[in-house]
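First comes the structure, then the notes that go with it.
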Amino acid sequence: MSSPAARRPDTVRFVDPVRNPYAPGAGQRPPELAGRGRELDVFDVVLERIARGRPERSLMLTGLRGVGKTVLLNTLRSQAINHLWGTGKIEARPDQSLRRPVAAALHMAVRELAPRHRAPDRIDAFLGVLKAFAQRAAPAGRGGAAPKLRDRWQPGIDVPASSGRADSGDIEIDLVELLTDAAAVATDVGTGVAIFIDEMQDLGAEDVSALCAACHELSQLGAPLIVVGAGLPHLPAVLSAAKSYSERLFRYQRIDRLDRIAADQALCAPAEREEVEYEQKALDLLYEKSGGYPYFVQAYGKATWDHAPRSPITAADVRVAAPEAEAELAVGFFGSRFERATPAEREYMRAMATLALVDGEESGRDDMDAAVPTAEIARALGRKPASLSPARDALIKKGLIYSGERGTVAFTVPHFGRYLRTQPA
Ligand SMILES: Nc1ncnc2c1ncn2[C@@H]1O[C@H](COP(=O)(O)OP(=O)(O)OP(=O)(O)O)[C@@H](O)[C@H]1O
Ligand SMILES: [Mg+2]
């Protein structure tokens, strides 16, 4: 009798580039969301507790560029929708007021709840308040600049704007009133409202302060509404600069690179669905190259798949493909960001990269992305620290560096120092 192996036709599994499952890209849904089970479980409990009127804190996801904050935020949103919550999402932008985007997000959230509501006039009453809120510009002198034309939102709401609620022009008062009313609609249908805010570190100081105050007020009322934010590692500092109680108001979850098991899963699970396997040595090398950073896992995975002729994929395949992955990262992930910096800012970052290498070597860190004291940067460039403040502040505003601890700066982009050190001056 022949063994099953001997009976199997002698097929070689080709790795078909058309079926390449990997997805490097901003906010691109990965073929396998690896290593985030804990965050998803925590959020399930949060949703259940809030819907039952139990106290819970809003969630803030923080992490470096490309670790998967946006993807996780979108997944949490789907989770909320599965719980029949009303949801809306905002992407904060520097110099843009929160008023119009938050109105659009709440409009969306309440539209999701409306079909299950028994009293259409309650929905209409809310929409009237929403319209008044959206159309109310900050009064001159308070909150600074007049709204730009594109900020004047004409919501597609048929009911007339009401007056006397959420329309004072003071964003803090208005936001509390608007969110309270949105939560009341959700209470009527026995669920909640979740507002998701991506790139939250880019909100203006006044808006951050108003949002903290609103979350504070709503949690005291036990109202079923939460804000789920995502941002760079200095988001906690941005929030606590606005309101000192923010540390107790939010639950921070650091989204980090994937550990070895999760990174292997991110590569192997989608491959398995295409009946493609990896040799162990190939996975070793892929982890060494990606450092477990989700964006890099996808980028190296994609290039390797394209180059591998057959399954199982080998370490030699990874070695052949790596330069292509690196070239693509240099243009798309690193280069596009580097180009946003002025010559003075580039000089500042080059000094950072050199110092981070020294610090990294001294402390034995493998990723060389250590935070660097700003005083050392000034010394390295032979400048007075104060004269470098504009460059530093501009780089923070552009989201290229952040200041996690006072007096230090670090790159928001993983492996950015390594990239800069390979660039000609
Ligand atoms: N858990 C995960 N498992 C596998 N791949 C992931 C995971 N999370 C994210 N990715 C992949 O990583 C890449 C970056 O994800 P995402 O855009 O969500 O990162 P981010 O933290 O929002 O980055 P940025 O700060 O630049 O906005 C995407 O290609 C995505 O498919
Ligand atoms: Mg993102």
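Assuming 0.36 nm per residue, please report the length gained on full extension of the stretch residue 137 to residue 93 beyond their Cα-Cα distance.
Values: separation 44, 0.36 × 44 = 15.84 nm, distance 1.79 nm.
Result for the pair: 14.0 nm of gain on full extension.
With the simple spin-label model, which puts each label point 7 Å out from Cα in the Cβ direction, the residue 358 to residue 272 separation comes to 4.8 nm.
Selection among 60, 419, 263 by position relative to the dipole of the chain gives 60 as farthest towards the positive end (Cβ unit charges, Cα centre).
Å³ per residue of the Cα convex hull, for segment 340-420?
Numbers: hull volume 6.7 nm³, N = 81.
So the per-residue Cα hull volume is 83 Å³.
For the chain, the longest principal axis of the Cα atoms and the long axis of helix 99-113 meet at an angle of about 90 degrees.
Taking the Cα centre as origin and putting +1 on Lys and Arg beta-carbons and -1 on Asp and Glu beta-carbons, what dipole magnitude results for segment 258-337, to the nearest 20 debye?
Rounded to the nearest 20 debye, it is 220 debye.
Proximity of backbone amide H atoms, modeled 1.01 Å from N, is registered between residue 228 and 195, 196, 197 at under 5 Å, excluding neighbours fewer than 5 places apart on the same chain. Where only DSSP H runs of four or more residues are counted, the chain gives -15500 deg cm²/dmol as its mean residue ellipticity at 222 nm, each run worth -39500 (n - 2.57). Inverting the pair-averaged 1/r between distinct Cα atoms of segment 258-337 gives 12.4 Å as its Kirkwood hydrodynamic radius. Relative to the longest principal axis of the chain, what angle (0 to 90°, nearest 10) does the C-alpha long axis of helix 315-328 take? With rounding to tens, the tilt is 40 degrees. Full extension of the chain segment joining residue 375 with residue 221 gains 50.8 nm, where the gain is 0.36 nm per residue of separation less the Cα-Cα distance. Entry for segment 36-112 at q = 0.15, 0.20, 0.21, 0.25 Å⁻¹: log10 I(q)/I(0) = -0.62, -1.06, -1.14, -1.33, Debye formula applied to identical alpha-carbon scatterers, no solvent contribution.
Within a Cβ distance under 15 Å of residue 190, other residues only, what is the Lys/Arg minus Asp/Glu net charge?
Net of charged neighbours comes to +3.
For the chain, the spread of Cα positions along the three principal axes, ordered from largest to smallest, is 78, 74, 37 Å. Apolar share of the accessible surface for the chain: 51 percent from carbon plus sulfur atoms, 1.4 Å probe.
Using the Cβ atoms and a cut-off under 13 Å, what net charge is assigned to the surroundings of residue 320, where Lys and Arg are +1 and Asp and Glu are -1? Net local charge, residue 320 excluded: -2. Rounded to the nearest 10 degrees, the angle from helix 294-307 to the longest Cα principal axis of the chain is 40 degrees.
Average the reciprocal distances over every distinct pair of alpha-carbons in segment 190-332, invert the result, and give the Kirkwood radius in Å. If you can, show how the numbers build up before the last one.
Working: mean 1/r = 0.0552 Å⁻¹.
Kirkwood radius, segment 190-332: 18.1 Å.
Just add up the charged neighbours of residue 424: K/R +1, D/E -1, any other residue whose Cβ is under 14 Å from the Cβ of residue 424. Net charge around residue 424: +2. R0 = 25 Å: FRET efficiency of residue 42 with residue 117, Cβ-based, nearest 0.05? E between residue 42 and residue 117, to the nearest 0.05, is 0.30. Between segment 195-254 and segment 10-79, how many Å separate their Cα centres? Taking the Cα centre of segment 10-79 as reference, the centre of segment 195-254 is 21 Å away.
Residue by residue, segment 374-385 carries 3J(HN,Hα) couplings of 5, 4, 5, 5, 4, 4, 4, 8, x, 10, 6, x Hz when phi is fed to the Karplus relation 6.51 cos²θ - 1.76 cosθ + 1.60 (θ = phi - 60°); x denotes Gly or Pro.
The values are calculated or read from the model by the stated rules, or taken from the named source; none is laboratory data. Being a predicted model, the structure only gives us computed values, none of them experimental. Backbone-built Cβ (ideal geometry, glycine too); neighbour counts: all protein chains shown. For accessibility, only protein heavy atoms count, side chains too; no ligands or nucleic acids. Shrake-Rupley method; radii C 1.70, N 1.55, O 1.52, S 1.80 Å.
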